[in-house]
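Chemist: Below you'll find the structure I mean.
The values are calculated or read from the model by the stated rules, or taken from the named source; none is laboratory data. Treat the numbers as computed from the prediction; the structure is a model and nothing was measured. Here the Cβ positions follow ideal geometry from the backbone for every residue, glycine too, while neighbour counts run over all protein chains shown. With ligands, DNA and RNA removed, areas are computed over all heavy atoms of the protein, side chains included. Shrake-Rupley method; radii C 1.70, N 1.55, O 1.52, S 1.80 Å.
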Amino acid sequence: QLQACGGGLAQAGASLRLSCAASGRTFSGYRMGWFRQAPGKEREFVAAITGNGGSTYYADSVKGRFTISRDNAKNTVYLQMNSLKPEDTAVYYCSAGVPPTSSLRYVTSYPYWGQGTLVTVSS
């Protein structure tokens, strides 16, 4: 089970940090992803991290602004979002799975999903 939190309202240029807590004892065995879905749009890849945190992957739209990290001792994955833009407004979802690197960016690669947390960025 995944529980995401940390969303809210922010002004453009501000920062937010999302957290996603996972239950279970095999957290480090999963690759974790963050996706987002804006109103009227499809869910899209934001970032992913390998089980030991050694490799991270980002969508071009957030590269350099967002940072994904994880604390396996706390069964938690984070998404630090800096320099927020109005186009970052969306519901953000955390996900867990064991996709190969070539499939990290696909929604269908993750069988487990959190409930989503809303991020609203005002201009």
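Chemist: Please go through region 47-71 and pick out each residue that is under 14 Å from D88 (Cβ atoms) and assigned to a loop (DSSP other than H, G, I, E, B).
Modeler: A59, D60, S61, V62, K63, G64, R65
Chemist: Now a separate question. Only residues that are under 16 Å from Y106 (Cα atoms) and open to solvent by less than 30 Å² (accessible area, probe 1.4 Å): list them for region 28-42, please.
Modeler: Step one: of region 28-42, the residues under 16 Å from Y106 (Cα atoms) are 30-37, 41-42.
Residues satisfying the conditions are M32, G33, W34, F35, R36.
Chemist: Can you find a residue that is under 13 Å from L2 (Cα atoms), at pLDDT 95 or above and open to solvent by 40 Å² or more (accessible area, probe 1.4 Å) anywhere in region 43-56? Please lay out each step first, then the result.
Modeler: Residues of region 43-56 under 13 Å from L2 (Cα atoms): none.
Checked against the condition, which is being under 13 Å from L2 (Cα atoms), at pLDDT 95 or above and open to solvent by 40 Å² or more (accessible area, probe 1.4 Å), region 43-56 yields no hits at all.
Chemist: On the given criteria, is S83 surrounded by 13 or more Cβ atoms within 10 Å (Cβ to Cβ) and in contact with a Ser or Thr (Cβ under 9 Å, 6 or more places away or on another chain)?
Modeler: On the way: surrounded by 13 or more Cβ atoms within 10 Å (Cβ to Cβ): yes; in contact with a Ser or Thr (Cβ under 9 Å, 6 or more places away or on another chain): yes.
In short, yes.
Chemist: For V77, only one of the following conditions fails: (1) open to solvent by less than 60 Å² (accessible area, probe 1.4 Å); (2) closer than 23 Å to S122 by Cβ; (3) not basic (K, R). What is its number?
Modeler: For V77, the failing item is (2).
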